[in-house]
Amino acid sequence: MRTAVRFPARTSLEQILDACERDHAFASMVTRWERLPACAPRYAPFPSWLDERIVRALRRRGIEALYSHQAAALDAAHAGRNVVVVTPTASGKTLCYDLPVLDAIAKDPSARALYLFPTKALAQDQLAELERLSAEMEIDLVTHTYDGDTPPQARAAIRSAGHVVITNPDMLHTGILPHHTKWVKLFENLRYVVLDELHTYRGVFGSNVANVLRRLRRVCAFYGSHPTFICTSATIANPEELARRHVEDDVVLVDESGAPRGEKVLVFVQPPVVSPSLGIRRSALLVGRDIAATLLASGIQTISFTRTRVQTELLLTYLRSRFPQPQWPVGVIRGYRGGYLPSERRAIERGLRDGSVRGVVSTNALELGIDIGALQAAVLVGYPGTVASTWQQMGRAGRREDLSAAFLVATSSPTDQYVVQHPEYVLGKTVEAGLVDPDNLHVLVGHLKCAAFELPFEPTERFGTEDTPAVLSYLDEQGILHESGGRYHWAAQAFPAEAMSLRTASNDNVVIVDTGDGRQRVIGEVDRFAAPTLVYEQAIYLHESKQFQVEKLDWENAKAYVREVKVDYYTDAGLAVRIRVLDEFARDGAAPRRGQARFERAHGEVLLSALATVYKKLTMYTHENVGWGKIHLPEQELQTTSYWLALADGATPGWPKERAEVALAGLGNLLHGLAPLFLMCDPHDLGLAVEVRSPHTERPTIYLFDMTPGGVGFSERLYRSTDALLERAREHLAACGCESGCPSCVGPAAALGAEVKSAVAELLA
């Protein structure tokens, strides 16, 4: 879709789609054009037990019956059974937990509920909806959000009087459970715990949250309550299993949606090859810009998703350049991502709902169920990393029963190329499983300390693992716990919850301070582990399409000082990684097809040493490398798990050393690109290191490792999937149309050498 394809303002979406199908240049990029038909609703009557005030209020809203999945969820929750609801975006999942909670409080004003959302934005959104519902139902409900932004003077009132406390796992971890004696009314009367967006509680975050819930149930039992859990989730392969891992009890699965759905058009777009010999394609950012610009110019409210913060800012810049002022004020097209101030994000959300913001470019921060109105189109620049996230992002368009459209624009990565060439991977039922490992000792021991701080441990008490008594004894020996009166008590001076972050390897952020005009103004933040690749000195930090150069990074005090500049480039940096194997869990041989094994596979525990050394200057729009610089920051360490693949003896008979090295590097790129297809993870959750001679294996070795402390099971899953992974790599390589290697398969031949593709193919043959 080029700018030559023009439409008058307020062209209908159907007209735009028809024109796209007829446009030869655009049609040549389409690998799949799928129309999903509209679905009629399926209803069920209001349950007989539902408070009449609630029924009357719903009827005043024009709701004469519930969707079938809502009724099933309500009945399960009312019966005291844990439930997980898995239905599409905009299917009315909110009522699945709001109605049982409101009914319980209407009949017993002492009843309490705890709502957990993964983000503050979702919490604020749901607070407003719950307040509207309770007012319409004439139920005396006291509800508040309780997070880091809650004023200190309001906290005591929330603790004593709040019927519904809306918070996030992080605040439950640090601000509520350690101070449970101040929350007696909540824990004595807790009837329901709502766990929204369950699919986001995976990986290290999910493993931490599962342990926070263990602590919650332990504190509730101390006060004599046993709450029912109501979970909601996007479509994943194992919602029931994931819910059971968090709740540690039986769960009722409700996954047959009764909600209506408008017709939706899904378009899979493959950017054209611009250099056949090198296999280089046109930038997905530029193709995505053209599609979004056409939709916006035609009056279609559009959301565009990108994979990273930098890509969000680049696409925002490119789009705004197509819609100059004053005809298009700056606020009509906005960016949205982590690192923006809360006030900025709330203003953007309001603008999307009232229509003053016509276009938004976002990371996955707007993927979740925040109410952003009824957008008509979504443009996904790059495969989001999982089938579940893809459907979530596509589902942000078409929240009503009208026609909507979603475009998936592939990048040159092997993952994206596989998806765009095999759209059935998304359109079929091949959704990924959500992986958590609550009993990972790195994660569990930290939470066991927190639990001991909250309540003493009985010597035979189990906390997740059967080895709990042994861990308690070890902590006693270390002076962290003290055994007295037959129980283990907290003995250390530190506050354990503050030392643990649920989400990142680091517990603090680097604040970004704009020093322009002689003043200091905070404009954002980044987590400390990511800071060396984003806010090193001389880096170009992009914020709301403005360019800021980092003049000083105060590493010790976690502050980056920036000033606005106007340059024609942005910066990009990576990490140099060294690996030391600490423990080997398993080892075996693996063959890509049949016959003698050419590889030795293993997985185990490793220590990563990561150092940002250099950065590149890349031009806007063309993304050419026009310079570089050095980064001077301390090395960071991460203890995690890894999967590795070493060349077996005799795997490359007669090969020159250089050819073997090139083949190993190319195969590493290919496997790193395809591995996320076997995992429910973002490619950035998985790191890659290639060693020509590994100190551990003493052979050429490829390492794929979890980018999270302690690991969350990715390495073991890859170990078990080795044969399938190698087979998919062989198929993908054979299908790639490049001559010698390209970013879509083994990496660019210009960087690795002209023999890289043939060498990898021979290795996999």
In debye, nearest 20: dipole of the chain around its Cα centre with unit charges on the Cβ of K, R (+) and D, E (-)?
1820 debye
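Taking every DSSP beta bridge with both residues inside the chain, roughly what % is antiparallel (nearest 5)? Please report the intermediate quantities before stating the final value.
Numbers: 81 of 132 bridges.
Once the DSSP bridges in the chain are tallied, antiparallel ones form about 60 percent.
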Under a crude label model (7 Å from the Cα following the beta-carbon direction), how far is Lys546 from His632 in nanometres?
2.9 nm
Take each of the peptides 81-89, 12-20, 264-272, average the number of other beta-carbon atoms within 10 Å over its residues, and list them starting from the highest.
81-89, 264-272, 12-20
Could you tally the net charge around Val420, taking each other residue with its Cβ under 12 Å from the Cβ of Val420, Lys/Arg +1 and Asp/Glu -1?
0
Report, in debye and to the nearest 20, how large the dipole of region 441-499 comes out about its Cα centre when Lys and Arg carry +1 and Asp and Glu carry -1 on their Cβ.
80 debye
Which of the peptides 303-312, 151-160 is most tightly packed, and how do the rest follow, judged by the mean count of other Cβ atoms within 10 Å per residue?
303-312, 151-160
Under 18 Å between alpha carbons, and skipping anything fewer than 8 positions from Lys185 in its own chain: which lysines qualify?
Lys107
Signed unit charges on C-beta, dipole axis of the chain, positive-most listed residue Ala25, Met620, Ala135:
Ala25
Dipole axis of the chain (+1 Lys, Arg; -1 Asp, Glu on Cβ), positive-most option in Phe457, Leu667, Leu608
Leu667
Name the lysines eligible as straight-distance cross-link partners of Lys120: C-alpha to C-alpha under 19 Å, and not fewer than 8 places from it in the same chain.
Lys93
Sorted by Cβ neighbour density within 10 Å, fewest at the top, the residues Phe585, Phe678
Phe585, Phe678
I'm spelling it out carefully: the read-out is volume of the Cα convex hull per residue in Å³, the candidates are [x] 171; [y] 501; [z] 188, and one was derived from this structure. Which label?
[x]
Would any residue of region 554-579 have its amide N under 12 Å from a label point 7 Å out along Cα→Cβ of Leu611? List them or say none.
576-579
Residue among Ile540, Val567, Phe529 farthest towards the positive dipole end of region 509-567, charges placed on Cβ:
Val567
Length gained if Glu241 through Arg521 is fully extended, taking 0.36 nm per residue and subtracting the Cα-Cα distance, is 96.2 nm
Based on the mean of other beta carbon atoms within 10 Å per residue, what is the order of 654-663, 116-125, most packed first?
116-125, 654-663
Cα-centre dipole for region 573-764 with unit charges at Cβ (Lys and Arg positive, Asp and Glu negative), debye to 20
300 debye
Fewest to most neighbouring Cβ within 10 Å: what's the order for Val445, Val212?
Val445, Val212
Fewest-first ranking of Asp371, Asp290, using other Cβ atoms within 10 Å as the exposure measure
Asp371, Asp290
I'd like the distance between the alpha-carbon centres of region 125-160 and region 459-527, rounded to an integer number of Å.
28 Å
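Only the coordinates and a few stated rules stand behind these numbers; no lab work does. Owing to the predicted nature of the structure, the values given are computational and were not obtained by experimental measurement. Cβ: placed from backbone, ideal geometry, glycine included. Neighbour counts: every protein chain shown.
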